[in-house]
Amino acid sequence: MISKIASTTTAIILCSLSSSAIGAPVCTPLQVVGGGGTTVSKKISPPGAPLPYGQKLRNNWNTDFVVASPATSFVANIVAKNLGKYKIVMYLKYADNTADKVFEQEISLQDNQAYTVQGRPRRANLAPYQVNLFIGGIPVVGNSYTATVSGCR
């Protein structure tokens, strides 16, 4: 009786593993534009401001990731190093100089808390070439985070 239960349990586990592996999306980390890898770590700067003579003080709230192969969805994994309310926005950028905002929220995160953002292209016939991840906000100036973005199929 025990061997019959064990073999049935094994068959159920194997069946369950094979069907979840078949239907699961395959996600590939995207390279950071101008960076040397797939992860970005930043300390959030003060907001940008105009300067004299047309100059502008820039912030570091935006990071672009290169989409090297077609994807049906994108997943950003963010880990806040400090407590705070972060404004998080994800855009998909297209070669025709347009972008789709696929996520925008202000999220309260704890120290070392992970948060996942997901987005899908809204256009079936046009693939994005970059994903822009905006993480910032005045309440979190000086806070740090790490982020990765993956393209999934």
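Here, each number is a calculation from the coordinates, and none is a lab measurement. Only a predicted model underlies this, so the values are computations on that prediction, with no experimental measurement involved. FYI the Cβ positions are ideal-geometry reconstructions off the backbone, even for glycines, and counts take in every protein chain you see.
Observations
- Assigned charges on the beta-carbon of Lys, Arg, Asp, Glu; the range 25-152 dipole about Cα centre (debye): 140 debye
- Along the range 117-131 the Karplus relation, 6.51 cos²θ - 1.76 cosθ + 1.60 evaluated at θ = phi - 60°, assigns HN-Hα couplings of 10, 10, x, 10, x, 8, 10, 6, 9, 9, 9, x, 9, 8, 10 Hz to successive residues, with x for each Gly and Pro.
- Simple spin-label estimate for Ala127 and Phe103 in nanometres, 7 Å along Cα-Cβ: 2.1 nm
- Loop sites in the range 87-129: chymotrypsin sites (Phe, Trp or Tyr not before Pro), DSSP, at most 11 other Cβ within 10 Å: none
- For Lys81, distant residues with modelled amide H under 5 Å away: Asn112, Ser144, Tyr145, Thr146
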